[in-house]
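The values are calculated or read from the model by the stated rules, or taken from the named source; none is laboratory data. Predicted, not measured: the structure shown is a model, and the values here were computed from it. Note: ideal-geometry Cβ built from the backbone for every residue, glycine included; neighbour counts use all protein chains shown.
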Amino acid sequence: MERARYIMIGGFLGAGKTTSIQEFARHLDAQGLRVGLITNDQGVGLVDTAIGKANRFPVEEIAGGCFCCRFDSLVDAAANLSTENRPDVFLAEPVGSCTDLVATVSLPLQQIYGEDYIVAPLSVVIDPVRARRVFGLEEGKKLSSNVCYIYEKQLEEAEVIVINKIDLLDADQLRELRQVLTDKYPSAQLVIISAREKQNLAQWFEAVLTGESKPLRVMDVDYDRYGDGEALLGWLNTTLRLTAADDEEFDGNALLRELATSLRTLLRARDIEVVHLKMTLSSADDPYEIGSINLVRSDDEPHSSHQLTEPLEEGELSLNIRAEAAPEILEAATVAALAEVFAQLADVNCQSTHMASFRPGYPTPVHRVEKL
Ligand SMILES: Nc1nc2c(ncn2[C@@H]2O[C@H](COP(=O)(O)OP(=O)(O)O)[C@@H](O)[C@H]2O)c(=O)[nH]1
Ligand SMILES: [Mg+2]
């Protein structure tokens, strides 16, 4: 049997990994290749999984820990996707606060499961506005030093650096960022895309579809700094069931916008930097009918990436927040925003089915290849 290709697309929270992976999956599907998606999170109730399913791709979710710390679940997820129709290509999205993926995932996969998988070069996607702030090229709220440590480690191990969202930059801003990245990470291949606008994707897809991961070295990682950086980020995942009274319907797109705006206002008032707030609202009648909204910086506007085409009678809302804040603060802000928005929607019943907020635990990979 031909080996399946395992493609991992990493990068910081909100960089555009899920958007890129959905485009990549469409590209492969159009070529008649079978695709399997693997999503990953520290918690359960994932927006990324809902988006993959809405786009009709087979998805396996590894919840409750990152790939490196749940390596066996990663292998199991690939096996589950293979029971009916083995994918030709796996597209895997690691947690956005995760690094050291070459030593803890790519190399162990090659060494232990090399007969089953061709492991593609590791891509790391970046949001150029966030990157320009991390590298001091523009003003704006800074992430804490140990969160920036993770950010830079992600880039240090990248075999392909993908500057995404070039639609947000002018030519000078892009040139400055390219210069910093080529100076700091000279061995990485650099590609420049807009996943949302579907610009320049072919060159990147080609690189990871034909190449194989060949890291030049295993990078040093200070796990105490890495663990501290992860723990500075609070996570909140909640799922709610929304039901309109009697035979009424409600506007799901407006509801998502109001909730995102209210949350942003409450978090900004406490000077909290959101790194990714994402929500999906899916119709109870049709799982492929989905609305979605995202916020990737506290000073940005919420952006809708999927619109519901019709008003809803009943739906499931998933809300994921990752921000530099204590989980209790995220939970209080969420409860307050929900109360504010639903006070104006007296005829919509909102019932929480799941709520979890936490700081990620210390990263403890199952395998780590120490040197080549
Ligand atoms: N302007 C712009 N926004 C994008 C682009 N690609 C993704 N985004 C947006 O960035 C946000 C986060 O994207 P997502 O794929 O969920 O990021 P992830 O956390 O890395 O998986 C969403 O609102 C996307 O629509 C792009 O090329 N340009
Ligand atoms: Mg994602």
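Which condition breaks for Asn55 when tested against (1) surrounded by fewer than 19 Cβ atoms within 10 Å (Cβ to Cβ); (2) away from ligand 1 (no atom under 15 Å from the Cβ); (3) modelled with pLDDT under 90?
Here Asn55 clears every test but (2).
Would you pick out the residues in region 287-298 that are surrounded by fewer than 22 Cβ atoms within 10 Å (Cβ to Cβ) and either hydroxyl-bearing (Ser, Thr, Tyr) or at pLDDT below 95 (or both)?
Pro287, Tyr288, Glu289, Ser298
Being closer than 24 Å to Thr104 by Cβ and surrounded by fewer than 17 Cβ atoms within 10 Å (Cβ to Cβ) is true for just one of Tyr223, Tyr151. Which residue is that? Before the answer, list the steps.
On the way: Tyr151 fails: surrounded by fewer than 17 Cβ atoms within 10 Å (Cβ to Cβ).
Matching residue, one of Tyr223, Tyr151: Tyr223.
From Leu91, Leu74, Leu37, grab the single residue that is within 16 Å of ligand 1 (Cβ to nearest atom), over 12 Å from the mean Cα position of the chain (by Cα) and free of Cβ contacts under 8 Å to residues at least 60 places away in the same chain.
Going through Leu91, Leu74, Leu37 in turn, just one is within 16 Å of ligand 1 (Cβ to nearest atom), over 12 Å from the mean Cα position of the chain (by Cα) and free of Cβ contacts under 8 Å to residues at least 60 places away in the same chain: Leu37.
Within region 261-281, take every residue that is in a strand (DSSP E or B) and not basic (Lys, Arg) and give me the one that is nearest to ligand 2 (Cβ to nearest atom).
His276
Would you confirm, using the coordinates I've provided, whether Leu155 is part of a loop (DSSP other than H, G, I, E, B) and either touching a residue at least 40 places away in the same chain (Cβ under 8 Å) or not acidic (Asp, Glu) (or both)? Before you say what the answer is, go through the steps one by one.
Working: part of a loop (DSSP other than H, G, I, E, B): no; either touching a residue at least 40 places away in the same chain (Cβ under 8 Å) or not acidic (Asp, Glu) (or both): yes.
When the stated conditions are applied, Leu155 does not pass them.
Among what's in region 232-263 and is within 16 Å of ligand 1 (Cβ to nearest atom) and over 20 Å from Arg359 (Cα atoms), pick the residue that is surrounded by the fewest Cβ atoms within 10 Å (Cβ to Cβ).
Thr261
Quick test for you: out of Ala346, Ala333, pick the one residue that is modelled with pLDDT of 95 or more and away from ligand 1 (no atom under 16 Å from the Cβ).
Working: Ala346 fails: modelled with pLDDT of 95 or more.
Result: Ala333 is the single residue among Ala346, Ala333 that is modelled with pLDDT of 95 or more and away from ligand 1 (no atom under 16 Å from the Cβ).
Determine which member of the set Pro302, Pro311 is in contact (Cβ under 8 Å) with a residue 40 or more places away in the chain, surrounded by fewer than 19 Cβ atoms within 10 Å (Cβ to Cβ) and outside the structural domain of Lys142 (by TED's automatic domain parsing).
Details: Pro302 fails: surrounded by fewer than 19 Cβ atoms within 10 Å (Cβ to Cβ).
Pro311 is the lone residue from the list that is in contact (Cβ under 8 Å) with a residue 40 or more places away in the chain, surrounded by fewer than 19 Cβ atoms within 10 Å (Cβ to Cβ) and outside the structural domain of Lys142 (by TED's automatic domain parsing).
Every residue in region 274-305 that is away from ligand 1 (no atom under 15 Å from the Cβ), among the acidic types (Asp, Glu) and in contact with a strand residue (DSSP E or B) (Cβ under 8 Å, 6 or more places away or on another chain), please.
Of everything in region 274-305, those that are away from ligand 1 (no atom under 15 Å from the Cβ), among the acidic types (Asp, Glu) and in contact with a strand residue (DSSP E or B) (Cβ under 8 Å, 6 or more places away or on another chain) turn out to be Asp285, Glu289.
Is it the case that Lys198 is buried (at least 16 other Cβ atoms within 10 Å of the Cβ), touching a residue at least 24 places away in the same chain (Cβ under 8 Å) and of a type in the set (Lys, Arg)? I'd like the intermediate steps shown before the answer.
Values: buried (at least 16 other Cβ atoms within 10 Å of the Cβ): no; touching a residue at least 24 places away in the same chain (Cβ under 8 Å): yes; of a type in the set (Lys, Arg): yes.
No; evaluated as a whole, the condition is false for this residue.
Looking at (1) within 16 Å of ligand 2 (Cβ to nearest atom); (2) modelled with pLDDT under 95, which is the only condition Leu233 fails?
It fails just one condition, (2).
Scan region 1-19 and report the pairs whose first residue is in contact (Cβ under 8 Å) with a residue 40 or more places away in the chain and more than 8 Å from ligand 1 (Cβ to nearest atom) and whose second residue is of a type in the set (Phe, Trp, Tyr) and in a helix (DSSP H, G or I), with Cβ atoms within less than 8 Å and a gap of 6+ or a chain change.
Ile7/Phe24; Ile9/Phe24
Keeping to region 206-258, report how many residues are without any contact (Cβ under 8 Å) to a residue 24 or more places away in the chain and part of a helix (DSSP H, G or I).
Number satisfying all stated conditions: 4.
It is to be established whether one or more residues within region 167-189 are touching a helix residue (DSSP H, G or I) at 6+ places or on another chain (Cβ under 9 Å) and part of a strand (DSSP E or B).
Going through region 167-189, the residues touching a helix residue (DSSP H, G or I) at 6+ places or on another chain (Cβ under 9 Å) turn out to be 168-169, 173-174, 176-177, 180-181, 184-185, 188-189.
Cutting the leftovers down to part of a strand (DSSP E or B) gives us 189.
Checked region 167-189: at least one residue is touching a helix residue (DSSP H, G or I) at 6+ places or on another chain (Cβ under 9 Å) and part of a strand (DSSP E or B).
Within region 39-94, which residues are away from ligand 2 (no atom under 12 Å from the Cβ) and charged (D, E, K, R)?
Within region 39-94, Lys53, Arg56, Glu60, Arg70, Asp72, Asp76, Glu84, Arg86, Asp88 meet the criteria.
If you take the residues of region 58-71 that are away from ligand 1 (no atom under 15 Å from the Cβ) and among the charged types (D, E, K, R), which of them is farthest from Thr99 (Cα to Cα)?
Going through the qualifying residues, I end up with Glu60.
Quick one: Gln351 ticks every box in (1) touching a residue at least 40 places away in the same chain (Cβ under 8 Å); (2) in a loop (DSSP other than H, G, I, E, B); (3) surrounded by fewer than 14 Cβ atoms within 10 Å (Cβ to Cβ) bar one, so which box is it?
(2)
Just name the residue that is modelled with the lowest pLDDT out of those in region 58-75 that are charged (D, E, K, R) and within 23 Å of Ser318 (Cα to Cα). Don't jump to the end; show me each part of the working.
The initial filter retains those residues of region 58-75 that are charged (D, E, K, R), namely 60-61, 70, 72.
Checking the rest, the ones that are also within 23 Å of Ser318 (Cα to Cα) come to 60-61.
Working: Glu60: 92, Glu61: 88.
The selected residue is Glu61.
Taking Lys53 as the residue in question, decide whether it is within 22 Å of Asn85 (Cβ to Cβ) and assigned by TED's automatic domain parsing to the domain that holds Ser97.
Details: within 22 Å of Asn85 (Cβ to Cβ): yes; assigned by TED's automatic domain parsing to the domain that holds Ser97: yes.
Yes; evaluated as a whole, the condition is true for this residue.
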